[in-house]
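Below is one structure; the comments refer to it alone.
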Amino acid sequence: MVSAALLHEYAGFNMTDRLAITKTHKLFIGGSFPRTESGRSLKIVDNSEQVVAHLCRASRKDLRNAVEVAAKAQPGWQKATAYLRGQILYRMAEMMEGKRAELAETISSVTEHGQAEAEVAASIDRLVAFAGWADKHQQVLGCANPVSGPYHNFTFPEPIGVIAAISGDTWPLLELVSLIAPVICTGNAVVALASQSNPIPACIFAEVCATSDVPGGVVNILTGFRDELIEHIAMHRQIGGVLGSAELSSDERTALRLGSAENLKRVAFVSPGEDTGDWLNAELCHSPAWLEPAVEFKTIWHPSAS
Amino acid sequence: MADQRAASFTKRSIKTSMKAQGLRLALSMVDLTTLEGKDSPQKVAALCQKAIKPYENDASLSLPVPHVAALCVYPSMVASARPLLDGTGVQLASVATGFPSGQYPLAVRLRDCQQAIDDGADEIDMVISRGAFLSGRYDEVGEEILRVSELCRSCSKHLKVILETGELETYDNVRKASDLAIQAMHESGLTDEPGAGFIKTSTGKVSPAATMGVTLVMLEAIRDHHRKTGQLVGMKPAGGIRTAKQSLHFLIMVLETLGTADGQCPWLSPHLFRFGASSLANDLLRQIVKRETGVYTADYDFSEA
């Protein structure tokens, strides 16, 4: 039993105004939230040049660590049933639903397109759409080829391995989710580089991944400078493909293409259409065409009975 | 105390040219090892290639990478590996004397050792009877090491005595077993030749294997023997060393435990220090290639070992 007199005596020490507890956003690598090994930070400013947060400025070694864990996690993710991958993507949508307000707030505090809520809603819908594609895209993208002979001939999609996804800045959450969802839907692991101007929603999205049964290492999210990391993404031989937002500058795209030539990475720059508003368009963005840059097609022969 | 001291060696900063040198040195000290029930002459042949030329594309580097120190196999693989390693500078090591348990009659274990030598092994990795050691029958353990040492010496072969530190329970026991092994090799005259006698931590079949703590205790036993007699006994940590960074920590420990004040250390050579490992070689290669080309490599850039 606490003495009332003592409580009264100490009452003066209580602070009347509660201090705000702000969230420290960190990287997301291998299912945990480490700080950058470099110890550097990144200043995030809003349109009036006010600093709203300091984030990790990922280094090439953080990239290396992320690729390392992604390469370890990918085979298990590929082996999981397509149905399970779909369930987990849907679970991500569920968890994101509970973070709508926080996501919208972090979008609108820096990115002033005035459609934060629409962006969050579209991002959630995207996860649901690709949750559905997880066990259906094989039938749509694959086929039984017509051949004349005592054998069958099948073509089917397989994951590439580790894919780097690079978000643009217009839709800091939606672009990232639109790139990641098809990549993991097909059984790849992803190392994503968040929007440079507003990486905070991506950090919240990492929390969604961490609480949705996504195996550690399947989704990794880095925050930092594109011009610092792009070259290393392009040159890294363990990364099998690069999926970038078409918003990336022509210099950035050239750097990615040049470096990727070294190990023949698949490089694709994607957007749903000419208009930036098209990213909100479900019809354009839920198409199985988004899955193609994330898969490699394999054709096999199989003897038939006749 | 040993753990704390050992941990301190992981705090050194090794960068740039020193790191480049350390990585190549570590690679040249690797005993590339395969000790599995499923080993076949074909797998051993592939590993011989790996041992001789660890990186196929080393023409792209400033200078070729060194070959590893030795290939370490089971006795039944010695005969098939022998012709593949002749004249390459890679030593052929065979585990023997009833590896990994040592739970066989001494006559059988000596016969095992003799067979490996007859088939062409350059180095013998023997195991001690841990059961006898732990029940205090030190004389018995000393005797078996002496017998194997004499056999190796009479055939001019090198010997590594595996203490299996993971089963010895305490650092005191590790030190006692080290002293016992060194003393027996000394009595047989084997250690008259520098690097002919080694002590080795583990079989790789028991965990924990080569921790930095036990390695430090063993290095101190080697140091004390050197101070007393001037003889150079080798050291081989084996098992659990998988990354290039770990291997550099071990090299630092060797330098700071056995080196002289002016930075000289004869143990920083494959003649006196080895790493028993299988996956370490590829991690060393990855770091070497990354350093020289600036490109992060993929696991499939290197042949399996």
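The values are calculated or read from the model by the stated rules, or taken from the named source; none is laboratory data. Because the structure is a prediction, the values reported are computed rather than measured. So basically every Cβ, Gly included, is an ideal-geometry build from the backbone, and we count neighbours across all protein chains shown. In case anyone asks, the SASA skips ligands and DNA or RNA and just uses the protein heavy atoms, side chains included. Shrake-Rupley method; radii C 1.70, N 1.55, O 1.52, S 1.80 Å.
Scanning segment B:80-105 for residues that are in a helix (DSSP H, G or I) and either surrounded by fewer than 17 Cβ atoms within 10 Å (Cβ to Cβ) or within 19 Å of the chain's Cα centre (by Cα) (or both) gives B:Ala81, B:Arg82, B:Pro83, B:Leu85. For segment B:118-142, the tally of residues that are among the acidic types (Asp, Glu), open to solvent by 30 Å² or more (accessible area, probe 1.4 Å) and either in contact (Cβ under 8 Å) with a residue 24 or more places away in the chain or closer than 12 Å to B:Gln103 by Cα (or both) stands at 2. In summary, helices (runs of 4 or more DSSP H) completely within segment A:59-115 and bearing 2 or more residues that are within 14 Å of chain B (Cβ to nearest Cβ) and open to solvent by 50 Å² or more (accessible area, probe 1.4 Å) occur at A:60-79. Look at (1) open to solvent by less than 70 Å² (accessible area, probe 1.4 Å); (2) outside any helix (DSSP H, G or I); (3) over 27 Å from A:Leu222 (Cβ atoms) and you find that A:Ala53 fails only one, number (3). Looking at segment A:215-306, the helices (runs of 4 or more DSSP H) lying wholly inside it that each contain 1 or more residues that are closer than 23 Å to A:Gln196 by Cα and within 14 Å of chain B (Cβ to nearest Cβ) sit at A:226-235, A:250-261.
Can you find a residue that is on the phi > 0 side of the Ramachandran plot and more than 14 Å from chain A (Cβ to nearest Cβ) anywhere in segment B:284-302? Scanning segment B:284-302, I find no residue that is on the phi > 0 side of the Ramachandran plot and more than 14 Å from chain A (Cβ to nearest Cβ), so the answer is no. If we scan segment A:156-167, do we find a residue that is open to solvent by 60 Å² or more (accessible area, probe 1.4 Å), of a type outside the set (S, T, N, Q) and either over 30 Å from A:Ser304 (Cβ atoms) or assigned to a helix (DSSP H, G or I) (or both)? Scanning segment A:156-167 turns up no residue that is open to solvent by 60 Å² or more (accessible area, probe 1.4 Å), of a type outside the set (S, T, N, Q) and either over 30 Å from A:Ser304 (Cβ atoms) or assigned to a helix (DSSP H, G or I) (or both). Taking the criterion of being out of contact with any Leu (no Cβ under 8 Å at 6 or more places or on another chain) and at pLDDT below 95, the residues of segment B:263-281 that qualify are B:Gln264, B:Ser279. In segment A:116-135, the qualifying residues are those that are open to solvent by less than 10 Å² (accessible area, probe 1.4 Å) and among the charged types (D, E, K, R), and the one that is farthest from A:Val51 (Cα to Cα) is A:Arg126. With respect to the conditions (1) open to solvent by 30 Å² or more (accessible area, probe 1.4 Å); (2) of a type outside the set (Lys, Arg); (3) farther than 20 Å from B:His271 by Cβ; (4) in a helix (DSSP H, G or I), B:Glu169 falls short on a single one, namely (4).
Taken over segment B:143-161, the criterion of being hydroxyl-bearing (Ser, Thr, Tyr) and open to solvent by less than 80 Å² (accessible area, probe 1.4 Å) is satisfied by B:Ser149 alone. Taken together, the residues in segment B:189-248 that are open to solvent by less than 10 Å² (accessible area, probe 1.4 Å), closer than 15 Å to B:Leu280 by Cα and assigned to a helix (DSSP H, G or I) amount to 2. In the condition set (1) under 30 Å from A:Arg60 (Cβ atoms); (2) touching a residue at least 60 places away in the same chain (Cβ under 8 Å); (3) more than 14 Å from chain A (Cβ to nearest Cβ); (4) open to solvent by 50 Å² or more (accessible area, probe 1.4 Å), B:Leu280 is compliant with all but (4). Residues considered: B:Val73, B:Val108. Of these, the only one that is of a type in the set (A, V, I, L, M, F, W, C), exposed (fewer than 14 other Cβ atoms within 10 Å of the Cβ) and out of contact with any Gly (no Cβ under 6 Å at 6 or more places or on another chain) is B:Val108.
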